[in-house]
Amino acid sequence: MRAYHSRIFRFRFAIALACGAGIVVLSLMPAASMPTIPLLGWDKLQHATAYAVLTFLVGRAFDVLTPASFHGWRVGALVAVMFGGVMEILQRVCTTTRSADVYDLLADACGAVTIIVVVALFRRTACASERRHVG
């Protein structure tokens, strides 16, 4: 059973790493080369969305290892926000067309927190529904 969880973790974590690699590329490419996404035109919404997705993917990977607790999701949020901080530093240090912005990091954190809240509400609702059916 443990090997099964290990394979699922590795697969899910590989997807999270691919998402992180995409964020690296988009974060470090010259600002003029950025693709335009009409639905996500506002920069902070793009940040919140990207880091919400990253939080979900990392949290989902770690949730396999500790499914009975919320620990995997907290790890996902922490990893995403720390990754966002590193990306802001890299934008300042490694590029000439991008700059670090504390509001970008705040948007990253908002995306991560949104996923944590949604997952917590979902799990709470699922547990309440399960209790009703059991007893």
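Taken together, the values in this text are just the output of simple stated rules run on the coordinates, not laboratory data. Note that the structure is a prediction, hence the values are computed from the model and not measured. For neighbour counting, all protein chains shown are included, and Cβ atoms are generated from backbone atoms with ideal geometry for every residue, glycine included.
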- request: Taking 7 Å along the Cα-to-C-beta vector as the label spot, tell me the ARG74-CYS110 distance in nanometres, rounded to one decimal.
  value: 2.5
task: Compare the peptides 42-53, 83-94 by average per-residue count of other Cβ atoms within 10 angstrom and give them in order, highest first.
output: 42-53, 83-94
message: Full-extension gain between THR66 and ALA21, please, as 0.36 nm times their residue separation minus the C-alpha to C-alpha distance.
response: 13.7 nm
- request: Could you check the simple spin-label distance between TYR103 and ARG123, using points 7 Å along Cα→Cβ, in nm with one decimal?
  value: 3.3
field: For a label point 7 Å along the Cα-to-beta-carbon line of ILE89, residues of region 43-65 with backbone N under 20 Å
entry: 51, 55
